[in-house]
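Here is the structure we will look at.
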Amino acid sequence: MRAAWIKWKIYIRWKNQWGKFLNRRGYSGYIFAITAFFLDVIEAIFYFFSAYAVLKLVIMNEFLHTATTGAPFLDFLLQKISQINNNVYILWQFYFVYVIVFSVIAGIKASKWNLSSMDKEWLLSHFKLSLSKANSMVIFETICWNIRSFIIHILTLLFSLSYAIGLNISMVIGLTLLSFSLYLFVSIAVSFSHTFYVYKFIIEKPFVNKVAKIVISRMIIFSIGYFFAAKFTGWLIDIPFIKENPTSESFEKWSNKGWEILFDSVTTIKINLSFFDIFTANSLYTYIGTILMCMFTMVFYLLFIILFKENPNRRSAEYFDRLPSPLLKVPFLKKKAFTILLFIRSSFFQKRLPYMFGDFVYWFSVGIFSGLLANLDDEYKVQQLVFSFFILYHIYFLAERHYQHFIGGMALESDGTNVLIYLNAGKNLWYVFKQKFFVYIITLIPLIIIGDFIVYILTPISLTTIIWLLSMQILALNAFGALNYISSAFYPHFEFRNAEELNEFGDKKMVDSILDAMSLFIILPSMTIPMVLFIMGYLTKSQYLFINPIFLAIYLFGMLFISLLLVKRKLNKKQFIY
């Protein structure tokens, strides 16, 4: 019964996400879905040959390792690559770390899907199952669904690495089974742990204790980031890029100094690291033995986690239900107060309450920037380099993560078929977008203000500088945030069955992938042009201070205007809902 249900759910999910590819119906929609399947095959083949080409033509190319380009940084990179060629087990280190990271992400995704899924209620009403077993079935179905990505991204890398090294077929089969087993164990362990954590420490805890725990955990993460950044400040000041006549030897010395600082920082924590001797081993069998030992440890861990009994009747929702409406007294929030209160009182918000205080990555980043800027007052060029990352990359990834965390409440389609209420009231989808986008921005601005205030308190930067940084960050937040809504505007899916499914529709993923690639490889690098010219000496300090703010403001305003124009033109039309 359970296997049949999982098989049926996977088919339903595939049909829902790919059967209406590019909003096409009927026969043409299924043709696109079948085409998408063959695109997966093409993608897997592309990954295989790309990885094999990098391994054979770059990493294992003896001639390339002895070549010199005349560019110090490139010579330094070739020198490091030659060290990998002399010890291929470093490649296995990267591979197994990649498998574990992929499995952890898959496990968290499975847990989030389970927390937003209505399948548990359906299973409980149709079968004699406990809530824990219903959770297990939903989680395992999601993990099985992600095997597709596992094959494309993990197994293709394994096959190309094995073929490049020359492993025999029996070893390849063994490593394939080991990788698949590692994926299952890690993803299942992480998914149950995440679900256990949300139920026991987020949903069931009293609100005050919950908030205290969230704040303390983020203070710890911030302190860790600040500690590491303070250690690396002197190393960053000596970066060869800003020195005259850098050489490959200077890059080598600078790199070794960084590793020494990292090692010294880690070893200050009194932990026995002998368990991690796997990372210095020179035998593939050592890796396999250690991984098997970890997997057997996970079995006993899962036996404890999988038996937990959450109590769905114990919730802190009553606090939000009794929440007064002070927002109605704020002038510019009066018209939007109901939208905000509706969002924060939802069960989706309650299960993701910690993210409203910023995720761990955000606070670790704030700690890093605070630690760096605390000692860079006399190093103006390095300081400007940090400012650029603080405004652009820091905010770009924050905007993307925040949207993904709360996609079930902030996405254009998050209301599902209830969007008809707006349409029947004479509103259009552009009105719905404005409501969602406002909630998205207004929930992030306080977080950015608090982070910048902490940076201002702990660093010697002036009040004028922090105000400029804050204004640029808010502008960047609007510009980068609007990019997240473009795929929903062009290919809305109000027919979703799970809020986490809003990330998975094929046409939306295609648009998001294109926008991500453009942002990371074109938009963000082009925004740093004035900073790069200043560091390289082509701009004086006064020229940079005049050009950079104007350049960033025009660029970000242009991005925001174009994004909103595209969204408005699309949503003002009489579009279909299904």
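How high is the FRET efficiency between Asn572 and Ile173 when r is their beta carbon distance and R₀ equals 56 Å, given to the nearest 0.05? Please report the intermediate quantities before stating the final value.
On the way: r = 57 Å, r/R0 = 1.01.
It comes to 0.50.
Sort largest first and round to whole Å: the equivalent ellipsoid semi-axes of segment 365-505, each the square root of five times a Cα gyration tensor eigenvalue.
On the way: eigenvalues 274, 38, 26 Å².
Taking √(5λ) for each eigenvalue gives 37, 14, 11 Å, largest first.
Which one, Leu412, Ala399, Tyr355, is farthest towards the positive end of the dipole of segment 332-431 when Lys and Arg carry +1 and Asp and Glu -1 on their Cβ?
It is Leu412, whose Cα lies furthest towards the positive end.
Mind pulling up the Rg/Rh value for segment 418-498? Radius of gyration and Kirkwood radius, both on Cα. Show your work: numbers first, answer last.
Values: Rg = 17.6 Å, Rh = 15.2 Å.
My calculation puts Rg/Rh at 1.16.
Using Stokes-Einstein with the Kirkwood hydrodynamic radius over Cα pairs, what translational diffusion coefficient do you get for segment 445-557 at 4 °C and a viscosity of 1.567 mPa s, in µm²/s rounded to a whole number?
On the way: Rh = 16.8 Å.
After rounding, the answer is 77 µm²/s.
For Trp254, tell me the accessible area in Å² from a 1.4 Å probe, rounded to the nearest 10.
50
Tell me, how many Å apart are the Cα centres for segment 505-578 and for segment 415-483?
Between the Cα centres of segment 505-578 and segment 415-483 lies a distance of 16 Å.
The values are calculated or read from the model by the stated rules, or taken from the named source; none is laboratory data. If you're wondering where the values come from, they're calculated on a predicted model, not measured in any experiment. Here the Cβ is made from the backbone with ideal geometry for all residues, glycine too, and neighbour counts use every protein chain on show. Heavy atoms of the whole protein, side chains included, go into the accessibility calculation; ligands, DNA and RNA do not. Shrake-Rupley method; radii C 1.70, N 1.55, O 1.52, S 1.80 Å.
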